[in-house]
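Remarks on the structure that follows.
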Amino acid sequence: MKEIIEIKDLHRTFRVGSEDVHALDGITFTIYEGEFVSIMGTSGSGKSTLLNILGCLDTPTSGEYIINGISVNLLNKNQLSTLRNRQIGFVFQNYNLLARTTALDNVQLPLMYNHEVSAKERRERAVAALEAVKLADRMNHMPNQLSGGQQQRVAIARALVNDPVIILADEATGNLDTRTSYEIMTLFQDLHSKGKTIAFVTHEPDIATFTTRTIKLRDGHVVLDEKIDQQSAAVALAEYEKNIQNTAI
Amino acid sequence: MNILNLVKIAITALLRNKGRSFLTMLGIIIGIASVIMMVSLGRSSTQNVRGEFSSMGSNMIMIMPARQMRGGVNMGNSSSKSLDMKDLKSLENNTKYVAHVSPTVGSSAQLVFGANNHPGSLTGVAPCYIDIRKYEMAEGIMFTEEHLKRYAKVCVIGQTVVENLFTNGEDPVGQTIRCGSVPMKVIGVLASKGGNGMGQDQDDIVLVPYTTIQTRFASANGRTSFNMLFASATREEDSELAATEITYILRSNHGIKEGQEDDFDIRTQEEILTAMSSVTKVLTMLLTAIAAISLIVGGIGIMNIMYVTVTERTKEIGLRMAIGAKSKDVLLQFLSESVILSLIGGLIGIIFGVLLSYVLLSLVLHWPMVISQGAIGISFLVCAATGVFFGWYPAKKAANLDPIVALRYE
């Protein structure tokens, strides 16, 4: 299997006042193509720092990070921007859609920063991405005309549109209710089954059960890295709905 | 990110805050409109003065006696008797760049015709005077050298004199009017010229052969010197050459040694024009400077709003950077916003400036309508420069944001 992400003895140190804080203190793991990894940890465990480095928004203090065969340590700011633009799809907790901009234009945004994509191709790919998240009928809606779940699906379409090697999701269900969370996880599982590689940062254990592997961080160290039995989010959703109905009766 | 996309994004962003964008532009609009108005006003007034001056003859040269000092007392110009017949003859015969020379000898007398009378200023001149001063004959003829020789009692009168003396619509040509005690025959009427640049009525004039004035009018009786000499250069461009030539001849005529001052003054029309328009020029510059200050204030308005915009859209900037926007892309995005803001403001300002200039110049002042294309072009460039200059720092601030911090900004 192809390695998408290789991390070797990764350190990230912040200087706070006169003290060095080791947010990441020697982390090593590899994510292979087609994996659906959940990265877990409490706040302060270093998972946000790790995500920033995985997303090429931040560079490690020491250690090696290779994404799709490219060593990130050697890149400058502009090269990192291009790398993010071509290799990574971001999904944020608070969706981060541009206000007063249609779903279609929001999805097109990453391709606007890619000279190789023509306006025509940009549109076609955005439409295809919106179809993949089953929002083709809401293309011309503004974010404020969409529900939270729909907004997150637009954000996922935006993460898909540049055909990244990995999708990084940061607490992507954090702002959603249980039912919508299951729907979003169903979508992620659907994408995973089509071969997408996904790293999903969460602090909710039941969300982590929908992935294929869990990496648990504590105080900047990996304390657990194991393959797990993937639960079906679609089944969970169906059970949840049944329970709701039962309660209603 | 190509230019078209940049412009599209910038316009979309500006349209999101229509009211704010307009108020920001207002500073630029007022600045540019006032600069254009001031420049138009200045140019128009210069052209106005120039137009009135050229009605006096643009290649005209005035030669007048210099002031004389007698025992430390300034006696004024007219006290001098330095310009005489000899000067006239040598200027007529020995010059290359002087086309015509005419002396002037002034006298005043009450003009009487029938029951009407009018205070007249009689000007004794040579026949070529009307060529120098660009007078046209409306009726009759100008007197000739023959009249000069005979000290003929003939005159040519201006329209103001006609209006005041011939109130019953008589034909002035052929009539005899009394100038003081001297009866004079009107042989011609000058076409109207209106006022000159200094507010004198150029039509309130009685032209008489200068010999007649010198011999027949008491106030100038026995006088052989002239009040002034009027000359015209062969061409407008030769005015300076002609003036040099005249200076040379007059100095040698008057026996002025090297190092001594002239006992006469020479003014070309160009000099007078320059002197007069320098006032307007300074005033125009001053007003334009004030207008330019308002443009700078407008620019600061843009800068202020761009700072607000950058802060307000920190999250958007963070997102754009996370999905692949380079610092340069962000810089250009905000820069193009401020440039578009100031260019649209400038465009509206130019339209307003031209409209207001038109209203002021054509409808209120009745001056020539001069719209300086140069001023419009420069205004446009200044707008673009204002946009870049005042947009640069806010845009740079946006471009330097750390995407991690910007994404978490609340």
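The values are calculated or read from the model by the stated rules, or taken from the named source; none is laboratory data. Everything numeric here is computed off the predicted structure, so don't read it as measured data. Every residue, glycine among them, receives a Cβ derived from its backbone with ideal geometry; neighbour counts consider all protein chains shown. Areas reflect the complete protein model, heavy atoms only, side chains present, ligands, DNA and RNA absent. Shrake-Rupley method; radii C 1.70, N 1.55, O 1.52, S 1.80 Å.
Data for the structure
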| item | result |
| --- | --- |
| Centre separation in Å (Cα based) which lies between segment B:396-410 and segment A:141-181 | 22 |
| Chain B: calculated mean residue ellipticity at 222 nm from DSSP helix runs of at least 4, using -39500 (n - 2.57) | -17500 deg cm²/dmol |
| Whole-percent carbon and sulfur share, accessible surface of chain A, 1.4 Å | 48 |
| Per-residue average of Cβ from other chains inside 10 Å of A:9-17 | 0 |
| Top positive-direction residue, dipole computed over chain A with Cβ charges, set A:ALA119, A:THR214, A:TYR32 | A:ALA119 |
| Residue with peak Gaussian network fluctuation, chain A [Cα springs, cutoff 10 Å], from A:THR61, A:THR49, A:THR186 | A:THR61 |
| GNM result for chain B, Cα springs below 10 Å: residue of B:GLY301, B:GLY42, B:GLY374 fluctuating most strongly | B:GLY374 |
| Delta accessible area of at least 40 Å² on complex formation, residues of segment B:315-335, 1.4 Å probe, chain isolated as reference | B:LYS315, B:LEU319, B:ARG320, B:ALA322, B:ILE323, B:GLY324, B:LYS326 |
| GNM top mover of B:MET321, B:MET228, B:MET306 - chain B, alpha-carbon springs below 10 Å | B:MET321 |
| Accessible area buried at the A-B interface, both sides summed, 1.4 Å probe (Å², nearest 100) | 2300 |
| Among A:81-89, A:14-22, B:235-243, the order from most to least packed when residues are scored by Cβ within 10 Å on average | A:81-89, B:235-243, A:14-22 |
| Whole-number accessible area per residue in Å² for the protein assembly as shown, which is evaluated in the context of all protein chains at 1.4 Å | 46 |
| When each of A:LYS8/B:LYS397; B:LYS96/B:LYS193; A:LYS8/A:LYS47; B:LYS18/B:LYS315; A:LYS120/A:LYS194; B:LYS315/B:LYS396 is checked by Cα-Cα distance, pairs over 23 Å | A:LYS8/B:LYS397; B:LYS96/B:LYS193; A:LYS120/A:LYS194 |
| Rounded Å value of the spacing that divides the Cα centres of segment B:81-97 and segment B:222-294 | 18 |
| At least 30 Å² of accessible area lost relative to the chain alone, listed for segment B:1-21 with a 1.4 Å probe | B:MET1, B:ASN5, B:ARG16 |
| Segment A:96-200 shape via C-alpha gyration tensor axes, a/c threshold 1.5 | oblate |
| Convex hull volume per residue in cubic angstrom - Cα atoms of the protein assembly as shown | 286 |
| Projected-area mean, segment B:103-232, by convex hull of Cα positions, square nanometres | 7.4 |
| C-alpha center-to-center spacing [segment B:107-144, segment A:195-211] in angstrom | 109 |
| Proximal charge balance of A:PRO60 [Cβ under 12 Å; K/R count +1, D/E count -1] | -2 |
| Segment B:103-232 - percent of accessible surface contributed by carbon and sulfur, probe 1.4 Å | 47 |
